[in-house]
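The values are calculated or read from the model by the stated rules, or taken from the named source; none is laboratory data. What you see is a predicted model, and the numbers here were worked out from it, not measured in a lab. Note that we place each Cβ from the backbone using ideal geometry, even for glycine, and neighbour counts take in every protein chain shown. Accessible surface is based on the protein model in full, side chains and every heavy atom, while ligands, DNA and RNA are left aside. Shrake-Rupley method; radii C 1.70, N 1.55, O 1.52, S 1.80 Å.
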Amino acid sequence: MEGQAVKAGFDFLGIYGFFDGLMPESLDWLAFLVAGFILAFAIINALVVSTAVYTWFERRALGKFQSRLGPNRWGPFGLLQPIADVVKFMSKEDTVPDGADRQVFTLAPIVFVATGFLVFALIPLGSNDWLSRLNIGLVFIIAVTSVNTLAIFMAGWSSRNKYAMFGAMRGVAMLISYEVPMALAIAAVALASQSLSTYTVVTNQEVPFMLVMPLAFFIFVAAASAEMSRTPFDLIESESELGSGYHTEYSGMKFALFQLAEFMAPIIVSCIVATLFLSGWRGWGPIPGQVWFILKALVVLCALLWFRATWPRLRVDQIMEFAWKGLFPLSLLNLFAVATEIQLLRDPVTGALTDSDMWAMAAINWAITGIVFLAVSRMFARKQLQRPLPKPSPLANMGAEAE
Amino acid sequence: MYGAGMAKGLLVTMKNFVKPDRMFTVQYPDRKVSPTELAKMSGVGVFTFMRKNPKTAFKAMTGQMTVPARLKQHPRFRGEEFTWYEQRCTGCASCAKYCPLGIIRIVTSPSGEQVQEGQKYHLDVFDIDIGRCMFCGLCVEACPYDALHMGSGFEEGKYRRKDLVVTVDRLKSQPKHPSTWFRPQIQGKEGYHPHGEKDVTWQEAGRHEQPSRKHQEEKWAKR
């Protein structure tokens, strides 16, 4: 899905070399610019088209999960539904509320979408297919994904609407809380792969990190699904309480941009999960790496969709409790465990970790995960048992006493 | 164990996903059909069907073929129309008198028919203004000759208010699918279907059963 535009060997250096050969020596910068634009154009378009297909897929699958039909009127199986949606969005009037901060109001959806595209620049689709091999890739991902908090707050604040503001404030509180466990889970990955570059994370990932540190995987998936604010964590735009949260006042193409970013988020998250925890393009047999990568991303995507279709929305306090009392200590524990294991197991001279070290780490971490899960579930269960029984109202049996 | 409920929920949605017969969506007014279904409808194999009418098969494959679909409807369902048998109607205007909204307009003239068996008038005007009707059915209950029935159709949306006035000509010409509401004599009749292709003629619609002398005595004299 994502890799259609980026074929094998279709990387930045190849395009740059092609244009460099065409142009004289003094126009190197122009070749650089053209190559960058071409690749960015290809990636952005591939991402937008795959998002359009994904909106259809998600609505269709959600329908099936909830025992109803999805969109089925346009084209075979409703496949042309995204096109109909876009036509509708484009023909809608673009309204800006009275007293809204016009510039910020216009800028917010653009910022929201741009962050998604920026993250995708760092995803290595295959051993040769990458746009940027940034050596601080993981830090970049954490930094850029937290910018969408700002975009949500911009949207909610600038539209001068109480409900939009409520949604934005909830969103800021939730997204900032979930940044912490997510960053700590990524830190464990960086420790184990001994690199901050997404490319090197994959090359050093002989054993998928999902097996090596299941706790980090669980924490990352939970925090990331909160970051993209989808259904167990969608109190940002809870339709039944807040109109539709921060984008209440948006219409037309601005709203379409928000929708695009929202539906792009699961694709990006599943690509990041495939890169960091499922060993990216690595696979077995003659199947090319890109196919492996897309398959892994698709599996994660479907799992996220399944969660979205099943679990109901949490309350504000429950969400904060889950982040600070649940995920935050767990991620600290995980980071501590991984760091200690690496300190004990690594080669004292070169600092390298072999496959057998990884498997040993995996065994220890699975044991830790099992114990932690049992302990946490017992803790929560006891808490639930200790809840006081509801006292009957004194008014309830007034007549009975008299008799 | 804490959290087992979440896994249970996941299982429920997965069951929905795997079993398509748990779907409860009803499609209206039409639904899309696949070539396989079309072939099954025409009673031949898929490949025979595709060879014989490739155009239809291609259309069905691209999701263009539709067949009408509607909910199963109870025969006693009252629609938004009336069925009227002119052979039965004597022009007594009971319906107009009983209508609480006064929306039935009747103008009659002597017809010279059936003078011996009681008067029968010629109906010049018989307008029912459906736009103001609340479908209480009192006119149907009032009709002494079982000439007026509730209909079972409901697709009566119009663009103009004046189109909502049902005239004699329309009552005469429209297909007769009476609802069995307040007309138990049609209910359970062999082959009666509210949306069947066959009209129900006035002979088939029948009269309601006259209460016997004995029944009347039991009901009224015993008090």
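Numerical summary
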{"read-out": "Subset tally (residues that are open to solvent by 30 Å² or more (accessible area, probe 1.4 Å) and at the interface with another protein chain (Cβ under 7 Å from one of its Cβ atoms)) for segment A:59-71", "value": "4"}
{"read-out": "Test: A:Phe105 is farther than 30 Å from A:Trp306 by Cβ, without any contact (Cβ under 8 Å) to a residue 40 or more places away in the chain and either more than 14 Å from every other protein chain (Cβ to nearest Cβ) or in contact with a Leu (Cβ under 9 Å, 6 or more places away or on another chain) (or both)", "value": "no"}
{"read-out": "Single residue of B:Met50, B:Met65, B:Met14, B:Met61 found to be outside the structural domain of B:Val168 (by TED's automatic domain parsing) and closer than 28 Å to B:Ser152 by Cβ", "value": "B:Met65"}
{"read-out": "A:Val376 being open to solvent by 60 Å² or more (accessible area, probe 1.4 Å) and at pLDDT below 85", "value": "no"}
{"read-out": "Close pairs (7 angstrom Cβ cut-off, 6 or more residues apart or separate chains): more than 12 Å from chain B (Cβ to nearest Cβ) and on the phi > 0 side of the Ramachandran plot in segment A:296-316, surrounded by fewer than 21 Cβ atoms within 10 Å (Cβ to Cβ) and at pLDDT below 90 anywhere", "value": "none"}
{"read-out": "Qualifying residue in segment A:304-321 (condition: acidic (Asp, Glu), open to solvent by 70 Å² or more (accessible area, probe 1.4 Å) and either at pLDDT 85 or above or in a helix (DSSP H, G or I) (or both))", "value": "yes"}
{"read-out": "Leading residue by the ranking (modelled with the lowest pLDDT) among those in segment A:64-102 that are under 18 Å from A:Thr248 (Cα atoms) and out of contact with any Ser or Thr (no Cβ under 9 Å at 6 or more places or on another chain)", "value": "A:Gly99"}
{"read-out": "Strands (runs of 3 or more DSSP E) (entirely within segment B:1-107) containing at least 2 residues that are under 30 Å from B:Leu164 (Cβ atoms) and charged (D, E, K, R)", "value": "B:30-32"}
{"read-out": "Long-range neighbours under 9 Å by Cβ, at least six apart or interchain, first residue under 16 Å from A:Met228 (Cβ atoms) within segment A:134-154, second exposed (fewer than 15 other Cβ atoms within 10 Å of the Cβ)", "value": "A:Ser146/A:Ile176; A:Thr149/A:Ile176; A:Ala151/A:Ile110"}
{"read-out": "Matching residues in segment A:250-264 - criterion: being open to solvent by 20 Å² or more (accessible area, probe 1.4 Å) and under 25 Å from A:Phe218 (Cβ atoms)", "value": "A:Glu262, A:Phe263"}
{"read-out": "Residue in segment A:250-273 that is touching a Leu at 6+ places or on another chain (Cβ under 6 Å) and of a type outside the set (Lys, Arg) present", "value": "yes"}
{"read-out": "Whichever residue in segment B:1-13 is more than 7 Å from chain A (Cβ to nearest Cβ) and among the aliphatic types (A, V, I, L, M) and, among such residues, is farthest from A:Arg308 (Cα to Cα)", "value": "B:Ala4"}
{"read-out": "Whichever residue in segment B:15-31 is within 7 Å of chain A (Cβ to nearest Cβ) and not hydroxyl-bearing (Ser, Thr, Tyr) and, among such residues, is most open to solvent (accessible area, probe 1.4 Å)", "value": "B:Phe24"}
{"read-out": "Sole exception among (1) within 14 Å of another protein chain (Cβ to nearest Cβ); (2) in a helix (DSSP H, G or I); (3) open to solvent by less than 40 Å² (accessible area, probe 1.4 Å) for A:Phe77, by number", "value": "(3)"}
{"read-out": "Odd one out for B:Asp146 among (1) open to solvent by less than 20 Å² (accessible area, probe 1.4 Å); (2) on the phi > 0 side of the Ramachandran plot; (3) modelled with pLDDT of 90 or more", "value": "(3)"}
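The rows are residues; the columns are (1) touching a residue at least 24 places away in the same chain (Cβ under 8 Å); (2) under 30 Å from B:Pro68 (Cβ atoms); (3) loosely packed, with under 14 Cβ neighbours inside 10 Å.
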{"position": "B:Gly151", "(1), (2), (3)": "yes, yes, no"}
{"position": "B:Tyr159", "(1), (2), (3)": "no, yes, yes"}
{"position": "B:Lys162", "(1), (2), (3)": "no, yes, yes"}
{"position": "B:His177", "(1), (2), (3)": "yes, yes, no"}
{"position": "B:Glu209", "(1), (2), (3)": "yes, no, yes"}
{"position": "B:Gln216", "(1), (2), (3)": "no, no, yes"}
